[in-house]
Amino acid sequence: MNHEAPMWEDAFGIPWLDFNLSNLLMMFVASLIVFILGVAATRNMQRNPKGFQNFMEWLIDFIKGIIGSNMDWRTGRLFLPLGLTLFGYIFVSNMLGVVTNGVVGHDLWWKSPTADPGITMTLAVMVIVLTHYYGIKLRGGKEYRKTFVQPLPFLLPFKIIEEFSNTLTLGLRLYGNIYAGEILLSLLVGLATTSFLGAIGAALPMVAWMGFSTFIGFIQAFIFVMLTMVYMSHKVSEDH
């Protein structure tokens, strides 16, 4: 359990610039997997989908359902690529640490990138910034500014606080669930390596928890995309 993150401190000779090499590696791996899956699913498109193409079309319909439940599809179709990318990236990231953890010496190299608060908060900030960007783009700067003082001007401070709370809850919810799952899996792995009896005792709980973690990984990806579209609809829809 006493694992440290491999750090590149004072990168490029800049005293304040440090990189977590594990995070960089795992973000690259997750991005590469999502890219490969996307290419594989669309490589040989057929009118009657089969196999992986059929799964991808189901996933597209699934994300379209999330978007359609929050806003008019004429507006929401703009966010289909965003929803697909977020869901694929977050789910794959959640699963990387369920499969295994990679430790070299005392450095933890292989894990779920979403088990790091820096990454989940960055995703959350990116989403909130995008909601403001599309709010201004689709409604115009003047109309968009009015939403912060409607229906009453004194609500402005509360709406500003809401933006920060939305960012925190979006990022920390994902981090907390994935990190807790990895901690328990690490404890079970530690128990399994203590002795033969420990391995037997940890085997069934480990398999059960890996299955449950897969379910949690899916749910957390779904919740993140759902909340993204909820926040987006509040910015781009006229009835909010």
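The values are calculated or read from the model by the stated rules, or taken from the named source; none is laboratory data. Note that the coordinates shown come from a computational prediction; the quantities given were computed from them, not determined experimentally. Cβ coordinates were reconstructed from backbone atoms using ideal geometry, including for glycine residues, and neighbour counts include every protein chain displayed. Calculation scope for accessible area: heavy atoms of the full protein, side chains included, ligands and nucleic acids excluded. Shrake-Rupley method; radii C 1.70, N 1.55, O 1.52, S 1.80 Å.
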**Study point:** For L21, solvent-accessible area (1.4 Å; no DNA, RNA or ligand), Å²
**Key:** 60 Å²
Check your understanding: Tell me, what is the per residue accessible area of the chain in Å², probe radius 1.4 Å?
Key -> 58 Å²
Revision key, fill the gap. With a 30 Å threshold on alpha-carbon distance, the violating pairs from K50/K137; K111/K159; K64/K235; K64/K137 are K50/K137; K111/K159
Practice item. Quick one: angle between helix 156-192 and the longest Cα principal axis of the chain, in degrees between 0 and 90, rounded to 10, please. Key: 20 degrees
Practice item. Provide the FRET efficiency to the nearest 0.05 for the I183-T214 pair, computing r from the beta carbons and using R0 = 22 Å. Key: 0.85
Point to revise | Longest exposed-site-free window of the chain, the sites being trypsin sites (Lys or Arg not before Pro) in a DSSP loop that have at most 13 other C-beta atoms within 10 Å | key: 51-240
Exercise for review: Could you tell me how many degrees, from 0 to 90 and to the nearest 10, lie between the Cα long axis of helix 117-139 and the main elongation axis, the longest principal axis, of the Cα atoms of the chain?
Suggested key: 20 degrees
Check your understanding: About its Cα centre, how strong a charge dipole does the chain have in debye, to the nearest 20, once Lys and Arg get +1 and Asp and Glu get -1 at the Cβ?
Key -> 1000 debye
Practice item. Any chance you could give the angle, 0 to 90 degrees and rounded to 10, that helix 80-99 forms with the longest Cα principal axis of the chain? Key: 20 degrees
Exercise for review: Scan (1) 7, 29, 35, 23, 5, 0; (2) 9, 31, 37, 19, 3, 0; (3) 7, 25, 29, 23, 13, 3, 0 for the value of P(r) over Cα pairs in 10 Å bins from 0, in percent calculated from this model and give just the label.
Suggested key: (3)
Check your understanding: Which value does Rg/Rh take for the range 114-154 over its C-alpha atoms, Rh per Kirkwood?
Key -> 1.19
**Study point:** Using alpha carbons only: equivalent-ellipsoid semi-axes of the range 1-137, gyration tensor based, whole Å
**Key:** 33, 21, 12
Review point. Carbon and sulfur together cover what percent of the accessible area of the range 18-166 at a 1.4 Å probe radius?
Key: 67 percent
Check your understanding: Along the positive direction of the dipole of the chain (beta-carbon charges: Lys, Arg +1; Asp, Glu -1; about the Cα centre), which of G211, N20, L156 reaches farthest?
Key -> L156
Check your understanding: In percent, what relative contact order does the chain have, based on Cα pairs under 8 Å that are 6 or more apart in sequence?
Key -> 24 percent
